[in-house]
Structure formats: structure tokens, C-alpha cells
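Note sheet for the following structure.
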Ligand SMILES: [Zn+2]
């Protein structure tokens, strides 16, 4: 539905800006999907008077006009036949911006034109493009059209939830807003005169299906004149994106927008037998509808018929055979209520989706039919003329009843957690149109308005209370303060899972330690004291362990002594160290690897674990923890073989290390093969690591290509240096550089090695030519030769 | 000539029926319908025939050619199918041969049960809280209502670090710290390592693992305690395992109870595991003593609470039928790899 800001203002007092109103609608529960500003173009258009018209010397169809725009006389070349001197017209000066073009000074067949005289179509006011727009004689010269027509408006396209059909009319929206904003409602006053002739001597109603037609009213207005609607009416409908047709149809649509209740007008003289029968259609009966489509009906469809034939599909669409046209003299105004399910079934089956059908499907109130009919009668008499016959015809088989709802004040507090006094509840409910009928010290009883079918239970009223009170005004009770350190909890789990899924077995050792082990392993606790146990069970358990390495070495020794060749174990547990802050209980994750990379497999030979296995593992571990880039430095820890180790650095802080255990140390634990360990302080990792922000990147439209590059290079240069040099040559083109081979030995001089890299290259947006690639590689090779003295293989 | 054509067709079909392989087939094709074939020779001679006879003869030659080609296509199709079947047959696997072993170790059995316990309680709305292994006497004893002269404070029972620090003997210390720092409602479990100066044997270990639960809030009752514990036992051991409460004494709770569950080994009939009683001791429980709450600044008139403690090692041993607690800390791969 489209709600016009200006139109809504007819029914409610407020001085909010359109932007503020949008906010208010949202918090009333009316979702605004789109906002359109009207009149922006019309503001630029001025009312001007043509004071002189001359024929164009070089073109038959063009005229040269002199127009007075209130401040100046301008020369405008115009192609319309009706640009006669003396007329008041819509003048678009130079600089006027239309959605598709801007008016500039132009030469038309040799004559300069300063602006344009506009047609109604060009201004978006109607489809009329026969000539330029003509304004009435009293229009003020110089005034802009938006101001003249009062056409500045904001239109909200809103979504009305299915439980609130009352909001399908502007008065319903106004009612809700007035309750919410505590402002006055300005419902239209309805009054009109009826003539002496009785309606029932001109028309009969026969409701043959009172279960589906809940109420049917009809009025007759005679001697009307069908013509174009007045400006104000057209403007209102246009703002709501409703087509204007003629004054009669437009008024029924106006009332639909105002009340939400659909009406229909028949040409009285086309109603055969002057009789209206509401009945089920006969199978195979046909109706040519107002949309020029013919529908074949069946007995489930409810029709409005005259003595001979169907003249409308009840609540959905009228028939062509009874429609109001320019010759119509007398009309029947139908205001009725039909069962929502009947309307739904028929409109689904026949695929006819009209505003009327939409509203009826959501359930209208029978009581509203009379209000809508009265309002239509008043507006028709005022704007179309004619005379209204006396006494409305009203077939109303079962009178609708108002829902009676009791609300306990205590219950309100129980649900909302705020105490709302009974007086306040009554005030809210009255503002929404409910009627207080009974009051005790514990509860209030209300009658709900007919058009609020959604209000039937106590809880429905509580919902209304909180809506008016404001969802966000409910004070918070107690925010949950998390006790659990979820981040750490799941990080520990994820790390364990990661290691297990990389072939590690988890071990668990007691937390006791022995200073002799620390020494034996040359662990680096030089200037630190240990956390000593005053009454140890055994002297070999005299301290709380400062590292997990001793226990893992012993676990390895135990297993090797029991003939287990491959040992891949880890422990994630607390270590205890003294610092200036006192005792620190940090979690460490420490792993040990000896033997084969993988289990025996008949198809492939497996290799022995090596330094790079451990490096990959450590990087993966930091990746699953989502910590950004780590850097490596040579470690001075004496447990490692010099040159086969690294410290793990996160944001300049050491969080751990890895490397190959010095064989002299390993030997003492019966370890004869190469053994590797890694050790990470989880607490430090969380302290110094910064969690990466992951953001989606567009998937490249053009595929990347891969090319290999092999060369011989002195050992003094690292793969890291070479890689970053290559990446740096063109970061927008070179996406990745991966080493895939290293070779030393036969054919390569001492002090050199051969390296092979795979480069991923692409712009992501367009394909590269061979020439592009060759140029790039020439550049890369040149750079590598210069910096690293490489030699191509 | 018509006769000769029929002969050629006959010859070709016979030859095609006795082909040997694909190469053979291609040779036959060029021999019978190739550019230099006799059939094509006839085609070339067409021009020398009288005009009105040409269409008829052309038609006849074409028919012969098509007959041969049809046969050829049929044979080629057959050959393709044969080759396909051969390939399928040779690709047949012996699925009893080992698949590539994935790189997969496993979690320590204690960790597996630990996680299961945590997840059961998390699903019941508990948070998991952690504390220090090295505690002070206040949090380990005083705040828990333990009298100054209580035997558990002895050096023979508790490991001390210096004079005023000790290794926690139960994770109730975490509950005290949570109550010090957070207001009710509180709903936590605190799993963790505890220490007691016990000489290791089949059922004792100087370091062991406990999970304790604490719930403090308005209207928390003994029924909530029993429902929570029963809920846990059923999720952990299965719906058939009953549990019972026996009156007992703990300084921290009042009323206090010991929790038994029906023997998971014999189902309550009596066996070695349950020492023929049909019941297994699972831990202690009770309503938090009002004194404990008041001492921590929690209004014991407004709030009530319950607590219980269970042994993680014990549950692990029961679940996996592990007879000796020391096996858990020996870290023998032949033991650890059983829990995959
Ligand atoms: Zn038993």
C-alpha cells in the first residue's frame, strides 16, 4: 500500500517531517519499504503567460513565443498547436532537470529557445500529450507548479502485516498513529441529504448466500454527470499510484484508500430487472470483467447478478456489462462484506488480483460497509452531483459483535516486566478505539473495535500496550555477564581436534616436575626459579612442571622401549612458572614427532618427519586459531640442533618455538631417530595474536594462470627473500608464488641450489595475452638476476 | 556388374565377421569402400555409361556401399563395447586391500569423557568456568566451611606450595571465585585437575579430575538438584541407569548427600565392579550451606543453591571398563590408540 504524507495529514494532527513520520510508522509496526518524494520536478516549473506568438520562419509546425514568467520575458520555441497568446502555461526554464534530461539553451532551426513549454505528460501529471498544459486563468504567474498544486508530497510504500486489515485504510493508520503519538485524530464528518424517493422502489436485493455475503448495502444516486475528476481528487489518487478513470470510480477508490473498505459502482440502467441477486455462479457461467478478460465461473464463485446474468465477481472485480461510463446517468453504490475465504479461493483460481480482493481476503468488518457507503454518498453528491434516493438498502443477516476482552493488570507486568497503571492501560486502549466497559481493582474489560479482528485475547491487548509503550522503553532487567571464557574454551578444543586430525595422539601427564629433567634437556629457565612443592610425594616430583617437554620425552621413551617406532604425541595443559606477577598458570600446547610421516600404505612409500612437516603444522595451528601472520626467528634454545629450529613470533613477541632435538639430548631418552618438538604458549598466543578479520573477496571473473620458473641461486639467499621479491614486482598481477622443488648436488656447484617456483598470475578481470606474460617474466628474471645473481636452468 | 557387386558385399561381410582387432577393421574398411576399392572403381566408371542408366547403377553401387558400411558400423560398435568391458574387468578392485590411512590420532579417553560431560551440561544451560590449580587456603577450605582443624588440611593430605598456597583439593574453589565475582543467577560447572597427597594405586592418583556444578538463584531447590543430576546420569549412562541419594556430610552443603548410580557393569545385580552391592558411588551433592552464601555476600534468604561434584577419571574408567587409574597417565600408545 502507498501512504501519502499529505493525504495522511488530512486525518491526524502532527507536525513531523516526512523523515520523522517514516520512523514513527516503523515503530507502529508498519514496515516502510520505499520512500518516494513527489513534486521535485514540479518545483522547477513556473507558471507563465504567453504574451506573443509568431510563426517560425523556417518551420511550419513551430512557433516562437514570448512568455512572461513573472520576472522576465523569455523567448521559447514551441511545437505544440495550442500555444496561443494569452494562455497560462507551464514553463520549464533553462537548467530544469527532468529524470532523463536537462533543459539547455538551444537553437531550433536557427531560432534560440530559452526553455520549454511542457505538456501534462512531460510533467508526469497525466498521459495527455496532445499539446502543452493549459492552466486556469487565475493561476498566479511566476509561482512554481508544486506550490500551486500543493504537490509536494512524500509517499511511503508500506507492508501491512496480514493481521492488521484495519491499516489498509488511511483512517486506520491515522488511528494507530494518533494512539502512538498521542495526537488528535481528524476523522471526516459525514453528512448528506437524501431525496424523497425511496430506494427500495427502484431496486431489490436478494442475498441467496448469507454465509458468504455477510452484508450487502446499496444506494442509488440519480441524474449524475460522469466526467473527469477534480484536481484535488486526481492528485490524491496519483500520489497513491491509483489510476484515475472518472469521477465516480475515482471516488469509490478514494473511499477505499480512506477507509480500507472496497466499494463498487454499477450503472443502474444496465442492471437488468433492477434487481441485485447475490448467489453462487452457475457452472460454466461467463463474465467479461472490467480488465477486458472473460472468466468462466463455477459454483464455488460468489457473484453479484441482476435478473439475467452476473454483473460482478463478489469482492473482486466488476463486469463490463454493468460498468459506469461517460453515458451513465444513474448509479448503484455497492458497499458489502464477503467471506474472506470465498474471495481468496476465487481470486486464486481465476488469478485476478485487485485491491478490493486483497482487502477482502484479509477480512473486512461488516460494520465498516455502512461507514464506507455513507462517505461515498457524501463525496459523490459533493463532486458528481445528482440526487441520492432515500433509505439505504441493507441486507445484514447476522450482526457482527464486538470482542469482549478482559485484561489483568498483574498479567501485564508478568509479561512486560513493567508495572503499567490501570488508568494508563485504559488510556492506551481508548486511543486505539477500544471501549472500556468494566473495571475492578484487578482487571479491565474492553470491547474491541469491529475492524480490529486481531484483538481477541488478553495477550493481544498486552501486545498493543507494549507497542504504544515502546519496545525499547522496557528497562533491561539484568544483562547476562558471561562467566565462561568461550574463546579460550573452544580454542583449546579446536587445537586438540586439529592435532588429532593430523595424526597426533593426546597424552595426559601429572603436573609435577623434576628440576633435573629441565637441566638434562637444557631447557631455558636460566634466571627463573620453579614453583616448588613443600611436601612432595617423591623428590623427583619436587616442582610444578614449567614445561611439557620433559613429560613428552619420557612418554616417547616409554613407547620406544615398548617397540613403538612412530611417536606423534601432544599434550595441552597448564605449566607453572614464576614471574614478577607471581605464579603464572599458562596453557601450553606441546608436541613431539618421531618416525614416519604417515602410517604404512601399500601404494606409496612414506617419508620420515622433517623440519618442514613441523613448520607446516605450526602454521596450520595458528591458522585454525585465526591468528594473523606469524614470523620466524632463529631460536637460541639449546634443546634444538643449531640451524634446525625457529622461534614463533606473533606481533614481535615469542609465543613458542619448534625444531629438531639435539641428538645428544635425544639419546638420553633412548631416541635414536630424528625427533622434533614444537611448543606454543596458548595464553601468550591469545594475548599477542590479533584475530584476523575475514572479508569476502569477489571471485575473479577471468581465471588465473600458472607458470613455472626454475633457476640456480647461491645458498646465501633464502626462499622467503626470493618469494617476496617476485611478489613485489607486480602485486596486482602476481597472486601467489609457491616453491615446488629444491635441488642440490650433481650438476649444481657447491654453495648453490636449484629452486623451482610456481607462479599464479592474473588480473581477475581480463585474460592475459602471451605477450603480457612474457613481458612480466622478462621483468621478473631481470630483477632476480640483478638482486640474487640467479642463473636460469 | 550387379552380380559382381553382390559378390563384393558378400565378401566384405564375411571378412568383417572374422576381423581380429581395430587395426584389422580399418584395413578392411579401406579395402572394400576406400578410394582404391573395386567398388569405388565402379563408381568412377559410371561416367562412361549411357546417361539414362547412370542413376540406376549409381543407386545400386550406393546400396552396396551402404550395406558394407552398416555392417562396418555394427562391428565397430561391438568392438567398442568389448573394449569397454575389458577395461572394466581389468579395473576391478580388491576392496579387501587397505585404503589410504588418514592422518588421524585420537583424543585421550579422559578428554573424550570430559568433553561429553561439558557438552551435556552446556546443553542444560550451564557455563563452564575455570580456576587456578594453585589456590590459597581461603578458597580451598575456609570459604567452603571447612573447620580449621579438619584433617583434610594436613600435609599428609594436601600438597602445599610455600606456606600459604596449596594445590586445590577440589574444584569447589572455582565456585567460590565465581560467587565472589558474579551475582546470581549462577549456573556453572567447573571441571579441572585436583591434587591429593595419595600414594598412587589402582584407584588413587595424586592428580585427578573432577567436575563440580553450582546453581544459585531464586527458588532453587533440592528437587532441582536431583532433577539435574538424574538428567545428567541418564544422558551420560543411558535411560536405564537409576540413581539414588544417601544422606552424608560435607561442610559446604546442608543437607548433603552421596550420589549412587546403579552399576553400569551389571545393571544392579551385583558384580566385581560394584563390589556386589549393585551401586556405584559417583560423588557428593547438597544444598549450598546458607553460611557459605552469606560469607560471600549473597543473600541466603533471597537465593538458594545446590552443588555437586563428580569424578571425571572415575566416569571414564566406568565407561571404558578401565581397571586401573594409573593406565590413564602412563600414555602408552597401545592404550591410547584403543579409544579411536
Ligand atoms: Zn555391578
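Worth a mention:
- The stretch between residue A:10 and residue A:706, if pulled fully straight at 0.36 nm per residue, gains 243.6 nm over its current Cα-Cα span.
- Listed residues B:259, B:61, B:120, most fluctuating in chain B (Gaussian network, C-alpha, under 10 Å): B:61
- Take every pair of alpha-carbon atoms less than 8 Å apart whose residues are at least six positions apart; their mean separation over the length of the range B:225-340 yields a relative contact order of 18 percent.
- Share of pairwise Cα-Cα distances greater than 25 Å in chain B is 67 percent (whole percent).
- The Cα atoms of the range B:2-90 cover 59, 18, 18 Å along the three principal axes, with the biggest extent listed first.
- Taking the inverse of the mean 1/r over every pair of distinct Cα atoms in the range A:610-747 gives a Kirkwood hydrodynamic radius of 17.9 Å.
- Computed on the Cα atoms alone, the convex hull of chain A gives a volume of 349 cubic angstrom per residue.
- Taken along its three principal axes, the alpha carbon spread of the range A:79-214 comes to 74, 45, 30 Å, from the longest extent down to the shortest.
- Theoretical ellipticity at 222 nm over the protein assembly as shown - DSSP helices of four or more residues, -39500 (n - 2.57) apiece, nearest 500: -9500 deg cm²/dmol
- Note on B:90-98: average number of Cβ atoms from other chains within 10 Å of each residue's Cβ is 1.
- Segment residue A:201..residue A:147, full-extension length gain: 14.6 nm, with 0.36 nm per residue of separation and the alpha-carbon distance subtracted.
- The stretch between residue A:126 and residue A:417 holds 99.3 nm of extra length on full extension. This uses 0.36 nm per residue minus the Cα-Cα distance.
- Panel order for A:660, A:134, by other beta carbons found within 10 Å of each beta carbon, from fewest to most: A:134, A:660.
- Among A:22-28, B:310-316, the order from most to least packed when residues are scored by Cβ within 10 Å on average: B:310-316, A:22-28
- Counting only other chain Cβ atoms within 10 Å of each residue's Cβ, the peptide A:167-180 averages 0.
- Cβ-derived FRET efficiency at R0 22 Å, residue A:136 paired with residue A:59, nearest 0.05: 0.15
- Förster radius 30 Å - calculated FRET efficiency between residue B:330 and residue B:95 (Cβ-Cβ, nearest 0.05): 0.20
- Label-zone membership for the range A:618-652, site residue A:788, 7 angstrom Cα→C-beta point, backbone N under 12 Å: none
- When you restrict to C-alpha pairs under 8 Å that are six or more residues apart and normalise by the size of the range B:110-339, the relative contact order lands at 20 percent.
- Most simply put, the range B:110-339 has about 95% antiparallel DSSP beta bridges, counting only bridges with both residues inside it.
- Residue order, fewest to most beta carbons within 10 Å, for A:232, A:602: A:602, A:232
- Protection proxy ranking for A:548-555, B:140-147, using the average of other Cβ atoms within 10 Å per residue and placing the highest first: A:548-555, B:140-147.
- Counting every other Cβ atom within 10 Å of each residue's Cβ, A:674, B:96 order from fewest to most as B:96, A:674.
- Per residue, the average separation of C-alpha pairs within less than 8 Å and at least 6 apart gives chain A a relative contact order of 8 percent.
- Taking 7 Å steps out from each Cα toward its Cβ at residue A:489 and residue A:75 produces label points 8.5 nm apart.
- In range of the label at residue A:583: residues from the range A:543-565 whose backbone nitrogen is under 14 Å from the point 7 Å along Cα→Cβ: A:543-546
- Sites residue A:37 and residue A:159, calculated FRET efficiency, Cβ-Cβ separation with R0 22 Å, nearest 0.05: 0.65
- Put a dot 7 Å past the Cα of residue A:187, heading toward its Cβ, do the same for residue A:772, and the two dots end up 7.1 nm apart.
- Once both labels are positioned 7 Å from their Cα atoms along Cα-to-Cβ, the gap between residue B:112 and residue A:473 label points is 5.9 nm.
- Neighbouring partner chain Cβ atoms per residue of B:122-130, average, 10 Å criterion: 3
Readers should treat all values here as calculations from the given coordinates under stated rules, not as data from a laboratory. Just so we're clear, the structure is a prediction, and the values are computed from it rather than from any experiment. Heads up, the Cβs are rebuilt from the backbone with ideal geometry, glycines too, and the neighbour counts pull from every protein chain shown.
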